[in-house]
Amino acid sequence: MIDIINQFNIEGEIKSYEIFGIGHINDTYKLITTTDQEYLFQKINHNVFKDVSGMMKNIQRVTNYLPSAFDRLGISSQETLRLIQTHHKENYFHHKTGYFRMFDFKSHLKSRDVPESEDQIFEGAKSYGFFLKALSDFNPFNLIVTIADFHNLDYRIRNYEKVKLKIKNLKSHPAEKQMALVKSLSQQLLPIWSLDAQSLVQKRVTHNDTKFNNVLLDEMSKGCCVIDLDTVMPGIVHYDFGDGIRSTCCTAAEDELDLQCVSLDRNRFLAFKEGYLEGAKDELSATDIEFLPLSGAYMAFIMGLRFLTDFMEGNRYYKINYPNHNLDRCKNQFKLSYDILDQLNDLK
Ligand code: ADP
Ligand code: GN1
Ligand code: MG
């Protein structure tokens, strides 16, 4: 680890490093140096991100572009991640044990796994809205697709069916009940799939992983810096809005076991909607806006299906804390998807 860290252009010498944050994908560490500089050091999950070089080019391009775009738009509240280069002027280091990268650590900012107030939700959502707006003149097709078909429902279903075929005894499978829900639930969500598949709305640069803990807030709880840029690629606004809703406006955590506690909180939804629309102001079409409420149900379903497929496949993708963790996450997200569908008319 020390050898790897020393490949990067850091100020001072290594004082300490420790595991940091609770992302499901990368291995993240906070590094402190002898000159009290702080860095965010990550081992990239190469199983998930096959083209590390392409992904890092995306991140470099977007982080180079954003500061001047925020300036141009007079958005002074938003910061941008800054990559630290290696001594060989690369933005990542390939070691025999994997791929590594480093960012400035934003010591004055902090992410929350669960929002503490509606104000925080408003501010976090506004940051994601600003992110979309600031990148509106950036050609999405200049970015590589880091995970193909990431939010494509048709692909996710096909992949799930493929995994299901390999299971010998479906009747006594622990996920039998969840498998029985897939068809009917997915059919109700097809309108969002069509928006992208039939090009009914604009393709944009989207973040695609707008969980509440992927935005850093300041001490006044104002959203200030969108992070976790691995999945920034072409998409539609519904992926960002929907993922924000499902991860921020639920009354319980993503792996809450008591499903009676899992529902969409309307006040949180209102706060998220107001914040996002304030940030993304004037960017969205009438069709974009019409389908925003349904996007929450769509993204909750996509996540539930991905958790289910990973569980059926032996938990290869997501980090888990216990054997049935992915199954529990699936139950939770399917419940949330149903709940959003139940409330759809009010949310509209
Ligand atoms: P993952 O892809 O595994 O979710 P993230 O890039 O989101 O990894 O990082 C994990 C956590 O580390 C984040 O939720 C956040 O709390 C923290 N984090 C990431 N980047 C920074 C940074 N530059 N400054 C401060 N904290 C950060
Ligand atoms: C992963 O990396 P993280 O923890 O922010 C996943 C998202 C899921 C999320 C579910 C690249 O996000 O798509 O919504 O877990 N990221 C990737 O919590 O698969
Ligand atoms: Mg993250």
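The values are calculated or read from the model by the stated rules, or taken from the named source; none is laboratory data. Just so we're clear, the structure is a prediction, and the values are computed from it rather than from any experiment. In this analysis, Cβ positions are derived from the backbone assuming ideal geometry, glycine residues included, and neighbour counts consider all displayed protein chains. Note: areas computed on protein heavy atoms with side chains; ligands, DNA, RNA excluded. Shrake-Rupley method; radii C 1.70, N 1.55, O 1.52, S 1.80 Å.
Quick notes
- Identification of helices (runs of 4 or more DSSP H) wholly contained in region 275-348 with 3 or more residues that are of a type in the set (A, V, I, L, M, F, W, C) yields 292-312, 325-342.
Results for (1) of a type outside the set (Phe, Trp, Tyr); (2) within 16 Å of ligand 2 (Cβ to nearest atom); (3) over 18 Å from residue 302 (Cα atoms), shown as yes or no for each residue.
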site	(1), (2), (3)
179	yes, no, no
188	yes, no, no
212	no, yes, no
219	yes, no, yes
226	yes, yes, yes
234	yes, yes, no
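- Taken across region 279-294, residues that are of a type in the set (Ser, Thr, Tyr) and within 22 Å of residue 194 (Cβ to Cβ) do occur, with at least one present.
- In summary, residue 199 fulfils each of the numbered conditions (1) of a type outside the set (Asp, Glu); (2) crowded, with 22+ Cβ neighbours inside 10 Å; (3) closer than 30 Å to residue 60 by Cβ with the single exception of condition (2).
- Qualifying positions in region 82-130 - assigned to a helix (DSSP H, G or I) and under 27 Å from residue 19 (Cβ atoms): 120, 124, 127, 128
- Checklist (1) in contact with a strand residue (DSSP E or B) (Cβ under 9 Å, 6 or more places away or on another chain); (2) within 13 Å of ligand 1 (Cβ to nearest atom) applied to residue 12, failing item: (2)
- Across region 292-311, a minimum of one residue is classified as among the basic types (Lys, Arg) and either in contact with an Asp or Glu (Cβ under 9 Å, 6 or more places away or on another chain) or open to solvent by less than 50 Å² (accessible area, probe 1.4 Å) (or both).
- Conditions (1) closer than 22 Å to residue 240 by Cβ; (2) among the polar types (S, T, N, Q); (3) open to solvent by 50 Å² or more (accessible area, probe 1.4 Å); number of the one not met by residue 324: (1)
- Among residues of region 113-135, those that are more than 18 Å from residue 230 (Cβ to Cβ) and either open to solvent by less than 20 Å² (accessible area, probe 1.4 Å) or touching a strand residue (DSSP E or B) at 6+ places or on another chain (Cβ under 7 Å) (or both), counted: 9
Residues checked against (1) buried (at least 19 other Cβ atoms within 10 Å of the Cβ); (2) in contact (Cβ under 8 Å) with a residue 24 or more places away in the chain; (3) away from ligand 2 (no atom under 16 Å from the Cβ):
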| residue | (1), (2), (3) |
| --- | --- |
| 89 | no, no, yes |
| 100 | yes, yes, yes |
| 110 | no, yes, no |
| 140 | no, yes, yes |
| 143 | yes, yes, no |
